[in-house]
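Mind looking over this structure? Questions follow.
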Amino acid sequence: MNTHDHILKSFDSELDRLYDEIKQMGDLAISQLNAAVDVLGRRDSNAAARVVANDDAIDALENAISMDVLKLLALRQPMARDLREVYSALRISSDIERIGDYASNVAKRSIVLNNSPAIPAAGRIARLAKTASALLSDALKAYAESDAELAAKVRDADADLDAMYTSFFRELVTYMMEDPRTIGACTHLMFMAKNIERIGDHATNIAENTWFVVHGDMPEGERKKEDRTSE
């Protein structure tokens with residue numbers, strides 16, 4: 001093997017390591033989201049506290065990816081698609097880190113909610129989270145397989161999560177108007193729902209970066225948005 005081939009093989013190995021680290025981050029983020037919703041349904045504050053503590057593992061992986069990206073840029077000076085892959089890995093790891101933060105926030109608020117009587121509206125959070133988790137799974141699959149078509153579908157599907165969030169938001173407003181005693185609990189549910197809606201936005205960011213890796217540009221047109229809570 002000549003020096004050039006050795007350098008190429010070494011770069012590919014380092015890139016594979018980046019992909020593996022991002023997969024680990026993504027798997028952890030999905031687990032965190034699912035666990036946060038599970039502890040909400042079970043009203044288990046101790047388990048919720050463990051979900052919050054587990055966010056450190058995602059943060060540590062993001063730091064490792066940042067260092068790996070810096071080394072690749074400094075030592076390999078990648079060009080064209082190689083550069084896009086390295087650059088997108090950094091951006092995607094940042095999106096996953098934020099997703100982990102949002103899942104942690106859901107768990108934190110579930111602890112506070114456990115101090116109040118249960119309200120039926122809390123069950124809707126699980127539906128939102130299931131949709132967000134599916135979006136994230138598809139976005140990560142598109143990235144791992146360089147599947148631009150699946151990435152485009154994720155980008156479009158985020159509007160469905162927006163619409164679900166808007167519907168839930170209005171339902172909570174109605175709860176609060178009909179029974180002011182639910183205002184505290186419903187406010188926490190609103191923040192939890194918003195966190196989950198934002199997870200969909202970050203999944204869409206991952207999808208757009210996958211498109212960028214494959215095609216070298218960003219998808220055309222504005223994102224479809226169905227968040228009507230400000231209206």
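The values are calculated or read from the model by the stated rules, or taken from the named source; none is laboratory data. Note that the coordinates shown come from a computational prediction; the quantities given were computed from them, not determined experimentally. Virtual Cβ from ideal backbone geometry, glycine too; neighbours counted across all protein chains shown.
Just checking, does segment 215-229 include any residue being among the β-branched types (V, I, T), out of contact with any strand residue (DSSP E or B) (no Cβ under 7 Å at 6 or more places or on another chain) and closer than 26 Å to L90 by Cα?
Checked against the condition, which is being among the β-branched types (V, I, T), out of contact with any strand residue (DSSP E or B) (no Cβ under 7 Å at 6 or more places or on another chain) and closer than 26 Å to L90 by Cα, segment 215-229 yields no hits at all.
Looking only at segment 135-152, count every residue that is within 16 Å of the chain's Cα centre (by Cα) and either under 18 Å from I196 (Cβ atoms) or in contact (Cβ under 8 Å) with a residue 24 or more places away in the chain (or both) and tell me the total.
First, the residues of segment 135-152 that are within 16 Å of the chain's Cα centre (by Cα): 135-144, 151.
After this cut, where a residue has to be either under 18 Å from I196 (Cβ atoms) or in contact (Cβ under 8 Å) with a residue 24 or more places away in the chain (or both) as well, the list is 135-140, 142-144, 151.
The number of residues fulfilling the criteria is 10.
On to the next question. Could you say whether any residue in segment 182-192 is under 23 Å from Y19 (Cβ atoms) and modelled with pLDDT of 95 or more?
no
Keeping to segment 185-225, report how many residues are of a type in the set (A, V, I, L, M, F, W, C), closer than 18 Å to D160 by Cα and surrounded by fewer than 24 Cβ atoms within 10 Å (Cβ to Cβ).
Total satisfying the criteria: 1.
Considering only segment 35-68, how many residues are over 17 Å from N105 (Cβ atoms), of a type in the set (A, V, I, L, M) and surrounded by fewer than 20 Cβ atoms within 10 Å (Cβ to Cβ)?
Result for segment 35-68: 3.
Next question. Kindly indicate the residue of segment 81-103 that is free of Cβ contacts under 8 Å to residues at least 60 places away in the same chain and hydrophobic (A, V, I, L, M, F, W, C) and also surrounded by the most Cβ atoms within 10 Å (Cβ to Cβ) among those meeting that condition.
L90
Could we say that E149 is surrounded by fewer than 16 Cβ atoms within 10 Å (Cβ to Cβ), part of a helix (DSSP H, G or I) and at pLDDT 95 or above here? Don't jump to the end; show me each part of the working.
Numbers: surrounded by fewer than 16 Cβ atoms within 10 Å (Cβ to Cβ): yes; part of a helix (DSSP H, G or I): yes; at pLDDT 95 or above: yes.
Here the answer is yes, as E149 does meet what is asked.
If you don't mind, another one. Scan segment 45-61 for residues that are over 15 Å from G100 (Cα atoms) and in contact (Cβ under 8 Å) with a residue 24 or more places away in the chain and jot them down.
Within segment 45-61, S45 is the sole residue that qualifies.
Please determine, by comparing only the residues of segment 116-134 that are touching a residue at least 40 places away in the same chain (Cβ under 8 Å), among the small types (G, A, S) and part of a helix (DSSP H, G or I), which one is farthest from A35 (Cα to Cα).
Checked segment 116-134; the qualifying residue farthest from A35 (Cα to Cα) is A121.
Could you give me the residue pairs with C-beta distances under 9 Å whose first residue belongs to segment 62-76 and is over 11 Å from E97 (Cβ atoms) and at pLDDT 85 or above, whose second residue is outside any helix (DSSP H, G or I) and of a type outside the set (A, V, I, L, M) wherever it lies, and which are 6+ apart or on separate chains?
Correct list of pairs: L72/P78.
Regarding segment 107-115, can at least one residue be identified that is surrounded by fewer than 22 Cβ atoms within 10 Å (Cβ to Cβ), free of Cβ contacts under 8 Å to residues at least 40 places away in the same chain and either of a type in the set (D, E, K, R) or over 17 Å from H188 (Cα atoms) (or both)?
No, every residue in segment 107-115 fails to be surrounded by fewer than 22 Cβ atoms within 10 Å (Cβ to Cβ), free of Cβ contacts under 8 Å to residues at least 40 places away in the same chain and either of a type in the set (D, E, K, R) or over 17 Å from H188 (Cα atoms) (or both).
If you check R170, R198, which single one turns out to be part of a helix (DSSP H, G or I) and farther than 22 Å from E222 by Cβ?
So the residue among R170, R198 that is part of a helix (DSSP H, G or I) and farther than 22 Å from E222 by Cβ is R170.
Listed here are the residues, each with its yes/no results for (1) assigned to a loop (DSSP other than H, G, I, E, B); (2) out of contact with any Leu (no Cβ under 7 Å at 6 or more places or on another chain); (3) of a type in the set (D, E, K, R).
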| site | (1), (2), (3) |
| --- | --- |
| M176 | no, yes, no |
| R181 | no, yes, yes |
| M190 | no, no, no |
| A193 | no, no, no |
| H202 | no, yes, no |
| N205 | no, yes, no |
| P219 | yes, yes, no |
| K224 | yes, yes, yes |
| D227 | yes, yes, yes |
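Another question about this same structure. Identify, from the list N114, N46, the residue that is farther than 23 Å from S146 by Cα and modelled with pLDDT under 95.
Residue meeting the stated conditions: N114.
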